[in-house]
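Data first, discussion second: the structure below is written as structure tokens.
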Amino acid sequence: MSDPINFKDDDKSSTFTIPSGEHHPKNGRHFMIRERQHPHRILSLRLGEIILTDQQCPALGWLWMCVKKSGWYGFQNAVSGTYLGHNGRNKIHAAMPHHKSHEYFMAERHENGGYVLLTRHGEELWQVAISEDGDYLVEQKEAGTAWDFVESSTLYVG
């Protein structure tokens, strides 16, 4: 079963149909990263800030290139060129144009499907989660958000 998502741009609207099935992050591929559970918010970038939205303008930075370095994943925004990372104070951002230790991630299967993103926090791996108010992403010891990685080549525009 496919899951349609409507994207609105002023008077125009498009529908991206997201196919069922799961994709694992792969080096060199572009992905939409979206929350696995309802309301299926999409990880996007607007004016340099990470936002989570279920409806968005196609011009927002919602496409992420997966890269791999020394066994660590990195996610580079296709619009800004910056990488997902953490600021050292538990907040996830996309501010750096490089893939160094603060931008290193691992993807681990979530018990209910999808993947949890893990990031280096000192000598530990912490989980990426949506903040309690739902406005931004944080790194925390446990209870990370399950994410779907939807490969861009599988999105249908209609």
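The values are calculated or read from the model by the stated rules, or taken from the named source; none is laboratory data. What you see is a predicted model; the values in this text were computed from it and never measured. For neighbour counting, all protein chains shown are included, and Cβ atoms are generated from backbone atoms with ideal geometry for every residue, glycine included.
Residues that are at pLDDT below 80: find the strands (runs of 3 or more DSSP E) completely inside the range 1-99 holding 3 or more of those. Let's see the steps before the verdict.
Numbers: elements: 3-9, 12-18, 30-35, 42-46, 49-53, 63-69, 72-77, 83-86, 92-96.
Those strands (runs of 3 or more DSSP E) span 3-9, 12-18.
How many residues does the range 111-133 contain that are over 18 Å from Gly85 (Cα atoms) and touching a strand residue (DSSP E or B) at 6+ places or on another chain (Cβ under 7 Å)?
Of all residues in the range 111-133, those over 18 Å from Gly85 (Cα atoms) come to 111-114, 132-133.
Narrowing further to those that are touching a strand residue (DSSP E or B) at 6+ places or on another chain (Cβ under 7 Å): 114.
Total satisfying the criteria: 1.
In the range 102-126, what residues are in a loop (DSSP other than H, G, I, E, B) and of a type outside the set (Gly, Ala, Ser)? Spell out the reasoning first.
We begin by selecting, within the range 102-126, every residue in a loop (DSSP other than H, G, I, E, B); these are 104, 110-114, 122-123.
Correct list: Tyr104, His110, Glu111, Asn112, Glu123.
One line per residue, one yes/no per condition, for (1) under 19 Å from Trp72 (Cα atoms); (2) without any contact (Cβ under 8 Å) to a residue 40 or more places away in the chain:
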position	(1), (2)
Lys100	yes, yes
His110	yes, no
Tyr115	yes, no
Thr119	yes, yes
Thr154	no, no
